[in-house]
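Remarks on the structure that follows.
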């Protein structure tokens, strides 16, 4: 017994060949001449049976699949089963390519089957052949398909029609549901179907704690089956006698709704569950012309394009949110009875699908994630670059080949930093500047542009922090003035100075080191938080204005970092902090990914609490305010006076609220 398989190097095809090799006979596989190597690359998976897999050179787009007369003569009368799997399974593919591959390719496969007198043609169609049929679509239904306007649905339907109407050999049709990875290994070869929503789930996991309830969407029932079920069922039914002319739905008997499926994958990803799910049908009352009018607006189109690009979701996927079709699979169930072949519950293998995707297919894996790929040869200005976060950042940039401009006030402190930067390679320059002096800021901008001609990255890191309660600051208005002068006006002056050059070169990035305190509004830091909040607000406005100039603005709401700035507050010796190197890694993340904001989950949670439960949040913060003492200086005690040791209660509170300044 011999087999002929089209699409044998594809995802379903390679697993089908695994099964066919468990039986006797040769497996002939159609491959383009340029793709013979692709088939050879799969041979190791078949081990000692690989010699039974024989390549037949041809082309899906040519009559009789482009198989030569000599090969056709060799195959004639020997092929018991011809499996036609080759097709385009892609919602976003253009109509012309889908017509050639799906419709013409099927017609050419039928022609070859006739020419070689194949025993039976097994056409792997799809549930897409039903279109968007509203109701239960049975296996004996075909002409009843509805809403076939999309080329994916139409070509799947029309290719099946070719088999039904033109094939003179015995035939069987199989309609798999949406095929996902292997239920035992998670293996999949491309992002499709539910995988399009994995990036959204991943972003939710990074932004929010797992236990936080979120709002999601609910819709129709989506039929999902793993590839191992599809090939097991296909192999079993193909070898059953007396089933010619039948159609078999390789589907999940009890499909789940969209929201349930997304929650299963969210659980597998350790991401927040979508506890409240809004049914997409509730928006059905909006007339189509209103939706079409809104989507025709340029800003709406740009927003849609950007959001979908960030998440990697093709807009065609939204056709499935309210998917209306259910699939009866009684004929398939009857054919599989007693075989032990059944669709495994999604909850049993969702974690394997997620794990395989995140390890092998996550689009972020294919981005140039190296810092050197972003900054090599570029000019990066780092303020506060002689200590703490700024110093650690400068070293990372120099190691990556950037031209580093270190900005600080004291040349003596800069000397050892510059010496080390020179040993790391790249070009480094120190510029002394008092960022609280606007004229000095202007001189810095002029110096950089004169020597380097541009500024590709500006890292506003220099800052002043004051830890003092407001009641202890009634006679210290200058604390608010000096923090605002350095943290806000100094940074703003540099941004305004470098922006014209960035606009001219049509690229650039401004990275502002802000504070978790802006999100949590921690007490005792009113002067510091207010100055950083002002910078955050300016950044938000500027980001919108310069979005189409390819100039990115990133705010890093930095948690507590062990730097010289916090050294005077001795209680920080007993609470969790980041190292300067860990903080510098966040700057690296900002450059590699260019996000709008980088913040800890605790910081985001704090901002959310202020939004949804402001009174309760104030009570929590007031408790923390009373729990922790003022600094020695704020209490009017002499410098060097013995600090009061933290109580177990204070230590526990600091551990729970890691990174927040108390």
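The values are calculated or read from the model by the stated rules, or taken from the named source; none is laboratory data. In this text the structure is predicted, and so the values were computed from the model without any measurement. Note: ideal-geometry Cβ built from the backbone for every residue, glycine included; neighbour counts use all protein chains shown.
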Quick one: would you say residue 459 is surrounded by 21 or more Cβ atoms within 10 Å (Cβ to Cβ) and assigned to a strand (DSSP E or B)?
-> yes
Taking the stated definitions as given, is residue 393 buried (at least 17 other Cβ atoms within 10 Å of the Cβ), touching a helix residue (DSSP H, G or I) at 6+ places or on another chain (Cβ under 8 Å) and either without any contact (Cβ under 8 Å) to a residue 40 or more places away in the chain or under 30 Å from residue 247 (Cβ atoms) (or both)?
-> no
In region 243-259, the residues that are farther than 16 Å from residue 180 by Cβ and assigned to a strand (DSSP E or B) = 247, 248, 249, 257
Exactly one of (1) at pLDDT below 90; (2) over 22 Å from residue 440 (Cβ atoms) is unmet by residue 554. Its number?
-> (1)
Consider residue 301 carefully, then state whether it is within 29 Å of residue 149 (Cβ to Cβ) and modelled with pLDDT under 70.
-> yes
Given the conditions (1) in contact (Cβ under 8 Å) with a residue 60 or more places away in the chain; (2) touching a helix residue (DSSP H, G or I) at 6+ places or on another chain (Cβ under 8 Å), and given that residue 78 satisfies all but one, which numbered condition is not satisfied?
-> (2)
Could you say which residue among 247, 167 is free of Cβ contacts under 8 Å to residues at least 60 places away in the same chain, outside the structural domain of residue 595 (by TED's automatic domain parsing) and touching a strand residue (DSSP E or B) at 6+ places or on another chain (Cβ under 9 Å)?
-> 167
In the set 590, 611, 616, 633, which member is surrounded by fewer than 14 Cβ atoms within 10 Å (Cβ to Cβ) and either in a loop (DSSP other than H, G, I, E, B) or at pLDDT 80 or above (or both)?
-> 611
Please go through region 75-96 and pick out each residue that is more than 34 Å from the chain's Cα centre (by Cα) and loosely packed, with under 15 Cβ neighbours inside 10 Å.
-> 76, 77
Go through the residues of region 372-388 one by one and say whether even a single one is under 22 Å from residue 445 (Cβ atoms), surrounded by fewer than 24 Cβ atoms within 10 Å (Cβ to Cβ), within 28 Å of the chain's Cα centre (by Cα) and touching a residue at least 40 places away in the same chain (Cβ under 8 Å).
-> yes
Collect the residues in region 37-56 that are buried (at least 16 other Cβ atoms within 10 Å of the Cβ) and within 30 Å of residue 151 (Cβ to Cβ), keeping them in residue-number order.
-> 39, 42, 56
Strands (runs of 3 or more DSSP E) contained in region 119-235 and holding at least 1 residues modelled with pLDDT of 95 or more and closer than 17 Å to residue 246 by Cβ = 120-124, 135-137, 171-176
Any idea which of (1) within 22 Å of residue 5 (Cα to Cα); (2) without any contact (Cβ under 8 Å) to a residue 60 or more places away in the chain is the one residue 149 doesn't satisfy?
-> (1)
So, first residue outside any helix (DSSP H, G or I) in region 340-361, second residue surrounded by 15 or more Cβ atoms within 10 Å (Cβ to Cβ), Cβ within less than 6 Å, six or more apart or across chains; the pairs are 341/232; 341/233; 341/236; 343/225; 343/229; 343/252; 344/183
